[in-house]
Structure formats: structure tokens, C-alpha cells
Amino acid sequence: MAEEYQAAPSKGVKIKNSDKRPAKRSTAAKRDLQSVKRAIVNSAHKAKVHTAKRKLKEALDKKEPKESLQPKLNLVFSLMDKAVKKGVIKKNKANRTKSRLAAKV
């Protein structure tokens, strides 16, 4: 069952020790499967945050008006807060990033 997720992880997901020998215990096999699933979900959340940040930075480079930047900034803030809540990124990193982005807008 763990092979299904290891064979088709999403793009950019790096799974440590994916070529190690099979687990001796069923609980260890379950933990391996859970970690692979979590890695896929976490990378998806990180990708959403990164894409939103990139779109905001592109808008800043194009010198778009502040009224059009605010919804993009709110989206980045929301996604970062959700990622912190899920444990994908650390709170301090989110706060630091949000502060820097807010200063640019």
C-alpha cells in the first residue's frame, strides 16, 4: 500500500529513505505511509503560498495600484496563517514574511 504513494508523489516532493527496506511492523509501515501522505499535502500547501507570494511580487513589479494589491496581500496572509495552523510552516517565518510583504505594499 505504501508503494502506491511512493510511486506517484506530486511534483517536487522529496521523500527521505524511500528506498529503504520494508518495515518489520505494521505500525511502522503505517507511519511510513502517513509520512508520505503528509509530505504530499504539505508540499501542496507550500506551493499555494509560494504561488500567491509570486503573484503579489509580480503585481508589485508592475507597479499596480494599491487597491488591486490589497486582495492579493490578504490572500497571502490567509494562506500563510492556514499553513501555520496546519504546521506546514513555522509561525515566525510566516510573521517575518508577512511583515516584509506588508512593508513593500
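At a glance:
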quantity: Checklist (1) hydrophobic (A, V, I, L, M, F, W, C); (2) assigned to a helix (DSSP H, G or I); (3) loosely packed, with under 15 Cβ neighbours inside 10 Å applied to V36, failing item; calculated: (3)
quantity: Looking only at region 42-91, and only at residues there that are in a helix (DSSP H, G or I), β-branched (V, I, T) and in contact with a Ser or Thr (Cβ under 9 Å, 6 or more places away or on another chain), the one that is surrounded by the fewest Cβ atoms within 10 Å (Cβ to Cβ); calculated: V49
quantity: Which listed residue is acidic (D, E) and modelled with pLDDT under 95, from D81, D32; calculated: D32
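Matching residues to (1) within 19 Å of A102 (Cβ to Cβ); (2) aliphatic (A, V, I, L, M); (3) modelled with pLDDT of 95 or more:
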residue: M1; (1), (2), (3): no, yes, no
residue: Y5; (1), (2), (3): no, no, no
residue: S10; (1), (2), (3): no, no, no
residue: K53; (1), (2), (3): yes, no, yes
residue: V76; (1), (2), (3): yes, yes, yes
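The values are calculated or read from the model by the stated rules, or taken from the named source; none is laboratory data. In this text the structure is predicted, and so the values were computed from the model without any measurement. As a convention, Cβ positions derive from the backbone with ideal geometry for all residues, glycine included, and neighbour counts pool all protein chains shown.
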